[in-house]
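Okay, structure first, notes after.
The values are calculated or read from the model by the stated rules, or taken from the named source; none is laboratory data. Values in this document were obtained by computation on a predicted structure and should not be read as measured data. Positions of Cβ are backbone-derived with ideal geometry, glycine not excepted, and every protein chain shown enters the neighbour counts.
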């Protein structure tokens, strides 16, 4: 068994910005010294998450609007009272979405569904340069 780790950086806009990172993960898996295993995709921090979705404008907008209905940005958050940074909503949203996702791969290809794409969702109230850690085991 072998483990390979790589860090990648992407720029996000915040406010539930969704970025499709599937091609970056595919490139990493394609260059591994083994062709079968699993990959963990992890975003450090407490205001972003990783998930899968059909990455098309309707589905992505639906997801963004669902988070706004469930965890409205304009609500009062105790985090904001303590820190004054106005991003309490982003911490709650990220906690629900989660910071990592594990995907199996075989023949150096991700075993995703036909329309399934890997995305990072940045909930913070400002843009960021996000670090994403890819760790494959095979």
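Quick rundown of the values:
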{"read-out": "Qualifying residue in segment 73-90 (condition: within 17 Å of the chain's Cα centre (by Cα) and closer than 22 Å to residue 128 by Cα)", "value": "yes"}
{"read-out": "Lone unmet requirement of (1) touching a strand residue (DSSP E or B) at 6+ places or on another chain (Cβ under 7 Å); (2) part of a loop (DSSP other than H, G, I, E, B); (3) free of Cβ contacts under 8 Å to residues at least 40 places away in the same chain for residue 75", "value": "(1)"}
{"read-out": "Test: residue in segment 23-31 that is touching a helix residue (DSSP H, G or I) at 6+ places or on another chain (Cβ under 7 Å) and under 20 Å from residue 136 (Cβ atoms)", "value": "no"}
{"read-out": "Selection count where residues are within 14 Å of the chain's Cα centre (by Cα) and at positive phi, scope segment 1-56", "value": "4"}
{"read-out": "One residue from 125, 129, 87 being surrounded by fewer than 19 Cβ atoms within 10 Å (Cβ to Cβ) and out of contact with any strand residue (DSSP E or B) (no Cβ under 9 Å at 6 or more places or on another chain)", "value": "125"}
{"read-out": "Per-region count, segment 91-111, residues part of a loop (DSSP other than H, G, I, E, B), more than 16 Å from the chain's Cα centre (by Cα) and either at pLDDT below 95 or surrounded by 14 or more Cβ atoms within 10 Å (Cβ to Cβ) (or both)", "value": "1"}
